[in-house]
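Accompanying notes for the structure given below.
FYI, it's all coordinate maths here, none of it is from the lab. Note that the structure is a prediction, hence the values are computed from the model and not measured. Cβ atoms come from the backbone with ideal geometry, glycine included; neighbour counts cover every protein chain shown.
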Amino acid sequence: MKQDIDKLIAGALSGEENSLSCLLAMVENDDTSASRILNAISPSLGKAYRIGITGSPGSGKSTLIDKLVGIMRGKGLTVGVICVDPSSPVTGGAVLGDRIRMEQHYSDDGVFIRSMASRGSYGGISKAVGVSVALFDAFGKDVIIVETVGIGQEGIDITRIVDTTLLVLAPGWGDSMQLMKAGILEVADIIAINKADLGADELADSIRDILTLSSRKSVPPVIQTQALNNIGIEDLYHELENQRGKHHHNEKNGR
């Protein structure tokens, strides 16, 4: 067994997608192999930019990711996408249904998309997701996007395994108090108000008010987007790149 894992790791590190797929399946189904794999690949980590994307259901996250991946591929970057879903990948359903917008990227060799169940772990981000992100990094992906469903504890948990957290909301989503209770505004690095054609100014103002009253040292940028119409996506990408710069600057300075 150990020999098999070693062989698969060597394959994945040299860019073999089949080996990567086998390791991802192992990580999802077996905790002991996850630790062993993580130890083996740790010298190859730290090159990828890890972006966590969370937000309310119906906010258009999948469409937004689809457009962002398009920009990244246009710049020659390779991308790994992990869609964390509370339902089981075995039964399909919502996992594939919600991803239909990313369909154009499935046939692109530079993009690897994987749906994973959150396994019902409290907060929704299981250890398997963290190790899978590391595998994409070791495999050589330039950017890794982790998408979670909902804005509760899952959104907060995701911040532990990514460099930048993007919160996606849509007008009409509901009460600002719910956002405050969820705690996600405290940890989001960027906030995108998608479907802005439905009237985003009021939501943007109320979010800025909440952020001004919060204990945060700096207020994250609030960007209005219309993913379906390709509006605001370049601005959002630019902000993600800004955050990447800040992240690397802080790392160099030991913060």
So how do 108-114, 219-225, 71-77 stack up, highest first, on mean other-Cβ count within 10 Å? 219-225, 108-114, 71-77
Contour minus Cα-Cα span, ASN230 to ASP4, at 0.36 nm per residue, comes to 76.9 nm
Suppose each label sits 7 Å from its Cα in the direction of the beta carbon; what would the VAL219-ASP30 distance come out to in nanometres? 5.2 nm
Show me 205-217, 10-22 ranked by packing, highest mean number of other Cβ atoms within 10 Å first. 10-22, 205-217
Once you list every other residue whose beta carbon is under 11 Å from the beta carbon of ASP109, what net charge do they have if Lys and Arg are +1 and Asp and Glu are -1? -1
Which peptide among 194-201, 160-167 comes first, and what is the full order, when sorted by highest mean count of other Cβ atoms within 10 Å? 160-167, 194-201
Where labels lie 7 Å past Cα in the beta-carbon direction, separation of ASP197 and ASN18 in nm: 4.5 nm
Calculate one ³J(HN,Hα) per residue across the range 107-116 by plugging θ = phi - 60° into the Karplus curve 6.51 cos²θ - 1.76 cosθ + 1.60, and present them in order as whole Hz with x for glycine and proline. 8, 8, 4, x, 10, 10, 10, 9, 9, 9
